Structures are given as C-alpha cells and as structure tokens.
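Reviewing the structure listed below.
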Amino acid sequence: MLLQIEAASDAAQECRQSEIVFTPDVSQRGIDGEDGVGTRRWLQAGPVFDCRYEAVVNISRPASELDQLVASATWQSPNDVTKYLMPSRYCHPEAFFELVPAQFGHLSGGSQVSAMSDWIRTNFTYDNGASDAATTATESFASRAGVCRDYAHVLIAMVRAAGIPARFVSAYAPEVTPQDFHAVVEVYLSGSWHLVDPTGMSRPPEIIRIGVGRDAADVSFMTSYGWMELKKQSVEVLRVA
C-alpha cells in the first residue's frame, strides 16, 4: 500500500513532534509527496495491519484576503503550476466552460474563486452516501451533494474552467464534522498558492496540509495494490495551547 497521512512541514506549518507506529512492524520506504509536499510511505503489510499516527503541529499561515488576490494571465503560468490547469481523473473543467462565464464571468481572480466557493457551499448538501471513490466533479455537480472530497473536486473544475490553476489538498482541520481526513483546495493567485475550503468547515490558518495533487487520486490517504478491507478508522484533531 501507499500511505499518506503525515502532516507536511513547510514554511507555514512545523511538526514540533510526531510519531507513526505500525503493528506489527512492516517493511517500509518513504518517498516525497507530489510537488515535494509531505511524505508518502510504501508499506508491505498483511494479513492484519494497524497504524497509529500522532503529531503536534504549529501553524503560522496568515489568513489570505482572497478577494484582493489577482489571477495571472494563463500563458504566464510557471512550469510546475501549468499541470493544475489541465483536466484530471476526477476534475473535468470542460464540463464547466459554459457555466463559469455565464454565472461568474463578471468577476475575476480571488473574487471569482470566492464566489464559486460560496455558491458550492450554499447549493450543495453534505451527504456521506451521495458519492463513492469513482464519483467525478461533473457527477457531484449534477447531484448537488457529496462530501468534502466532492466539494473540492467541483471547485477545482470550476476554477480551472476560469483559467486559474487549482489543486487538491488533503488535510487535517479542527471542527470538521464528521471528524475525518479533510479535503480542501489551493488556488494559484498573485504568484502563490492559497487555501480555500468550499465546505466552510475549516479556516486556512488552522488547516494542516498533508499533501497536494491534481485531484484525490494523487493524495489518497491510502492506496492499496492488492485486496484490502478497512476494519476501522478514526481521526481526531484538537487545538492545543
């Protein structure tokens, strides 16, 4: 399996202490996450496997004034950002080429992204039973329902349709209900990446990034190569002084 559950360390967040324990001990190898964000672990495990991860993370990320951020001309996108304009497994911006200019074309940059995020949050129903691992942004948009992963996919597809790079972020955050691994979005505006949560459940200054990718296929918390059955999973995120 390929496991990605550990908080990334970067200029905006620092793991002050962390521990990951596998029972029984397993063969493993660490590799970099997409774009060098976070760590993934190749594991060879079975027939029964347990993992416990704990960390204390200090976040120094300031809140962005999204409405004040501007979009660069598409042709000026840097090499490592350009791929986040393209269609990906779950996000097909071409499905939104008519909707986005018709509904959000009077806006630009961060104001446009903010309006898209607000629209999704207002018009979607958070429903654990509305989607599965194969559900695309187009399907989630049609049903107007899903979980954080689906909200993120829809926003990514919309933002890319507007010519703004957008990527998927797997994360932890307090006050996510139900508490679990969380999914948010990063948009490339004013020359850097900025976090947006279309569910409205988390705030960028409190989001702990795990990894980034084109969509959920790049940053699943666990990808199995061979049959596996998930017996139990729990996530707890708490603020500490």
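Filtering the range 63-76 to residues that are open to solvent by 60 Å² or more (accessible area, probe 1.4 Å) and at pLDDT below 90 leaves only A63.
For the range 14-29, a tally of residues being open to solvent by less than 60 Å² (accessible area, probe 1.4 Å), under 26 Å from E206 (Cα atoms) and not aliphatic (A, V, I, L, M) returns 1.
Summed over the range 87-96, the residues that are over 15 Å from V212 (Cα atoms) and open to solvent by 50 Å² or more (accessible area, probe 1.4 Å) give a count of 4. In summary, strands (runs of 3 or more DSSP E) completely within the range 155-228 and bearing 1 or more residues that are touching a residue at least 60 places away in the same chain (Cβ under 8 Å), buried (at least 24 other Cβ atoms within 10 Å of the Cβ) and touching a Lys or Arg at 6+ places or on another chain (Cβ under 9 Å) occur at 166-172, 182-189, 208-213.
All conditions in (1) open to solvent by less than 10 Å² (accessible area, probe 1.4 Å); (2) within 22 Å of D32 (Cα to Cα); (3) not charged (D, E, K, R) hold for G146, with the sole exception of (2).
Which residue pairs have Cβ atoms closer than 8 Å, lie 6 or more positions apart in sequence or on different chains, and pair a first residue in the range 97-118 that is outside any helix (DSSP H, G or I) with a second residue that is modelled with pLDDT of 95 or more and among the small types (G, A, S)? Taking only residues 6 or more apart or on different chains, the pairs are F97/A161; L107/A115; S108/A71.
The values are calculated or read from the model by the stated rules, or taken from the named source; none is laboratory data. The structure presented is a predicted model; accordingly, all values stated were derived computationally and were not measured. Using ideal geometry, Cβ is built from the backbone for each residue, glycine included, and neighbour counts are taken over all protein chains shown. Ligands, DNA and RNA are excluded from the accessible area calculation, which covers all protein heavy atoms including side chains. Shrake-Rupley method; radii C 1.70, N 1.55, O 1.52, S 1.80 Å.
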